[in-house]
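The values are calculated or read from the model by the stated rules, or taken from the named source; none is laboratory data. Given the structure is predicted, the values throughout are model-derived calculations rather than measurements. Neighbour counts run over all protein chains shown; Cβ positions are idealised from the backbone, glycine included. Remember, those area values only see protein heavy atoms, side chains included, never the ligands or the DNA or RNA. Shrake-Rupley method; radii C 1.70, N 1.55, O 1.52, S 1.80 Å.
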Amino acid sequence: MAELTDEVVEFLSAGTRTGMLGYLAADGRPLVAPVWFIVDHGELVFNTGRNTAKGRALARDSRVVICVDDPHPPYSFVQVQGVATITEDAPDLLEIATRIGARYMGLHRAREFGRRNAAPGEFVVRVRPTKVVAGFNIAD
């Protein structure tokens, strides 16, 4: 297992950067979708629905990649390759959805977002890193 360094965690946790999740369709095509995420205990964590393309794909094949970039000079990125685990555990789902809501919607809407996204049929997805590639301040 690869570990997220402090510098990588700081970058991934800054602001409201969106992750681009790469996963495989049933026919083997690579697909990419945006995800809101948090870093929790060395893993990237997000929510998705069981019946979404992401949810179905992750239930079938747990190999994923998430790439996060800073599109402003001097430009930086982090790519986390890993293995996803999914759970529908209600307390964990509410906690994670609320924390993601706080990050992307603000503290004033965190509980609302958490309740809405902790509904039956929603997954918590935890990505355990197997490889981390980072480039910081590329244009310097």
What are the ³J(HN,Hα) values, in whole Hz, obtained from phi via the Karplus relation 6.51 cos²θ - 1.76 cosθ + 1.60 with θ = phi - 60°, for each residue of the stretch 91-98 in sequence order, with x given for Gly and Pro? x, 5, 4, 5, 4, 5, 4, 5
Asserting the computed 222 nm helical MRE of the chain (DSSP H runs at least 4 long, -39500 (n - 2.57) per run, divided by residue count, to nearest 500) equals -8500 deg cm²/dmol
May I ask you to evaluate 6.51 cos²θ - 1.76 cosθ + 1.60, the Karplus curve with θ = phi - 60°, for each residue of the stretch 67-80 and list the ³J(HN,Hα) values in order in whole Hz, giving x for glycine and proline? 10, 10, 10, 10, x, 10, x, x, 6, 8, 7, 9, 10, 10
If the label point is 7 Å along Cα→Cβ of ARG60, which residues in the stretch 1-30 have backbone nitrogen under 16 Å from it? 22-30
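Might you report the magnitude of the Cβ-based charge dipole of the stretch 1-68 about its Cα centre, with Lys and Arg at +1 and Asp and Glu at -1, to the nearest 20 debye? Working shown, then result.
On the way: 7 positive and 8 negative charges, 117 e Å.
Charge dipole of the stretch 1-68: 560 debye, to the nearest 20.
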At 1.4 Å probe radius, can you tell me the per residue accessible area of the chain in Å²? 54
For the chain, what is the charge dipole size about the Cα centre, in debye to the nearest 20, if Lys and Arg each add +1 at the Cβ and Asp and Glu each add -1 at the Cβ? 600
Leading residue at positive end of dipole, the chain (Cβ point charges), from ALA25, ILE38, ALA102: ALA25
Expressed as a whole number of Å, what is the distance separating the alpha-carbon centroids of the stretch 53-129 and the stretch 12-34? 10
So the carbon and sulfur contribution to the accessible area of the stretch 36-140, 1.4 Å probe, in percent, is 53
What's the ranking of 16-29, 59-72 by average number of surrounding C-beta atoms within 10 Å, highest first? 59-72, 16-29
